[in-house]
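A.B. asks: Structure incoming, see below.
The values are calculated or read from the model by the stated rules, or taken from the named source; none is laboratory data. Nothing here was measured: the structure is a model prediction, and the numbers come from that model. In this analysis, Cβ positions are derived from the backbone assuming ideal geometry, glycine residues included, and neighbour counts consider all displayed protein chains. Each accessible area value is taken on the protein alone, full model and side chains, heavy atoms only, with ligands, DNA and RNA left out. Shrake-Rupley method; radii C 1.70, N 1.55, O 1.52, S 1.80 Å.
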Amino acid sequence: MEMEHQSQEEILHSSKKSTFLEALKTPKVKRLILLSLNVLLLLIGGTSSPLILRAYFLHGGYRKWFSGFLQTAGFPFLLIPILFSAFRRRPTQSRLFLLTPSLLLYCTTLGFITGINDYLYSYGLSFLPVSTASLLISMQLGFTAMFAFFIVKQKFSSFTVNAVALLTFGAIILGVHANGDRPDGESKSKYYLGFAMTLGAAVIYGMVLPLVELMYMRAKQEVTYSLVMEMQFVIGFSATVFCAIGMAVNKDFQAISREAKHYGLGEAEYYLVVFFTTIIAQFFLVGIVGTIKYSSALLSGVIIAVCIPITEVLAVFFFHEKFDGEKGVALALSLWGTTSYFYGEYKEHKKSKAVVTETQLLPLSIASESSEV
């Protein structure tokens, strides 16, 4: 009797396990898992990247082109998943890489635009506290929404409009009261130049995200994750080449060893900062393209905005930055705007689910009516 009961439990357990494994293999669950993974990468990169880049400048780094270069120089690491995927496809496909010439050209153009954005962001962060720069970058959500409306015909709900308005208003509050958190020994002109450069970076990145989504829409081939990695590789390569040209003109290559020797934390630590900047920035970039692939440019913009409160707290903790009333208000508006967006998405999801259920039930109701007749 006990053996029969035990065997029944084992059968039940194995059936539950097989049902769970089958559920994991469904396209919807796979998509959700991959989206979650990319959102996690985006959160890690979006939170940590400003902090480590600011650490570079605070302790004696001053090369803007070099720091811009570091933000995409980790692109060779993408060769590992790209080649792994290519060799797995090898028995069934003759092509080693999936990129077409038109996509290659598009990615190269996007890479040059990203290079400009990297330089502007590095320039701004060299003069601004992390907390101020992060809150300014949150304005990219407003620009992403605007460009997404025109470029990919993104539809807006009242919650999305509310989120964009709140985040934009928060950045305006910072702009009006910006001079209060100017680092010691820094001139007003440099501070405001950093402010303008960071705002420019937010505008450009707000345009890049919908352009990436447009590229996926017009790819004229199945946009697999392998293809996304190849696209990001080309974008990273182009952006790195763009910044490398700026480094050559500015004679940054000759200055790196000299800068390392005089770095405040030590020479070995300098190269560690450089290395981890490239790794963490790559997390950020891969997370963005993956989030756009499995959701939308607007969601990636919102996730970047979500990183802000975490970065704010860490900046106060690690760099002892001021956190005054204006920043508090801007942060509250940022959190309010982000919550508004996600609540709107939740409402839309429930609405679409109800429509699907109603559509599925409609034939049954028609059938029952006809049987009664």
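A.B. asks: Using the structure shown, decide if G290 is at pLDDT 75 or above, in a helix (DSSP H, G or I) and out of contact with any helix residue (DSSP H, G or I) (no Cβ under 9 Å at 6 or more places or on another chain).
C.D. replies: So G290 does not fit the description; no.
A.B. asks: Taking the criterion of being part of a helix (DSSP H, G or I), surrounded by fewer than 22 Cβ atoms within 10 Å (Cβ to Cβ) and charged (D, E, K, R), would at least one residue in the stretch 263-279 satisfy it?
C.D. replies: Taking every residue of the stretch 263-279 in turn, at least one turns out to be part of a helix (DSSP H, G or I), surrounded by fewer than 22 Cβ atoms within 10 Å (Cβ to Cβ) and charged (D, E, K, R).
Every residue, every condition in (1) of a type in the set (D, E); (2) assigned to a helix (DSSP H, G or I); (3) free of Cβ contacts under 8 Å to residues at least 24 places away in the same chain, yes or no:
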| position | (1), (2), (3) |
| --- | --- |
| S189 | no, yes, yes |
| Y192 | no, yes, yes |
| L199 | no, yes, no |
| Y205 | no, yes, no |
| V208 | no, yes, no |
| M215 | no, yes, no |
| Q221 | no, no, no |
| V228 | no, yes, no |
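A.B. asks: What is the residue count in the stretch 239-262 for residues that are surrounded by 13 or more Cβ atoms within 10 Å (Cβ to Cβ) and farther than 26 Å from Y106 by Cβ?
C.D. replies: Counting residues in the stretch 239-262 that are surrounded by 13 or more Cβ atoms within 10 Å (Cβ to Cβ) and farther than 26 Å from Y106 by Cβ gives 7.
A.B. asks: Would you check which residues across the stretch 159-173 are more than 21 Å from the chain's Cα centre (by Cα) and under 20 Å from V130 (Cβ atoms) and list them?
C.D. replies: I172, I173
A.B. asks: If you don't mind, there's one more thing I want to ask. When the residues of the stretch 35-71 are narrowed to those that are in contact with a Cys (Cβ under 7 Å, 6 or more places away or on another chain) and either farther than 21 Å from A260 by Cβ or of a type in the set (D, E) (or both), which ends up surrounded by the fewest Cβ atoms within 10 Å (Cβ to Cβ)?
C.D. replies: For the stretch 35-71, the residue satisfying everything is L43.
A.B. asks: What's the number of the only condition in (1) on the phi > 0 side of the Ramachandran plot; (2) open to solvent by less than 80 Å² (accessible area, probe 1.4 Å) that E312 fails to meet?
C.D. replies: Status for E312: all satisfied but (1).
A.B. asks: While we're here: Can you confirm whether the stretch 99-109 contains a residue that is open to solvent by less than 20 Å² (accessible area, probe 1.4 Å) and in contact (Cβ under 8 Å) with a residue 40 or more places away in the chain?
C.D. replies: yes
A.B. asks: Report the residue count in the stretch 285-302 for those that are surrounded by fewer than 22 Cβ atoms within 10 Å (Cβ to Cβ) and of a type in the set (A, V, I, L, M).
C.D. replies: Final tally of qualifying residues: 1.
A.B. asks: Determine which member of the set F156, F143, F147 is at pLDDT below 80, open to solvent by 30 Å² or more (accessible area, probe 1.4 Å), within 21 Å of the chain's Cα centre (by Cα) and under 30 Å from E312 (Cβ atoms).
C.D. replies: Every option except F156 fails the conditions.
A.B. asks: Got a sec? Which helices (runs of 4 or more DSSP H) wholly within the stretch 1-109 have at least 3 residues that are out of contact with any His (no Cβ under 8 Å at 6 or more places or on another chain) and at pLDDT below 90?
C.D. replies: Qualifying helices (runs of 4 or more DSSP H): 2-25, 27-58, 79-89.
A.B. asks: Turning to a different aspect of this structure: How many residues are more than 20 Å from the chain's Cα centre (by Cα) and crowded, with 16+ Cβ neighbours inside 10 Å if we restrict to the stretch 324-335?
C.D. replies: Result for the stretch 324-335: 4.
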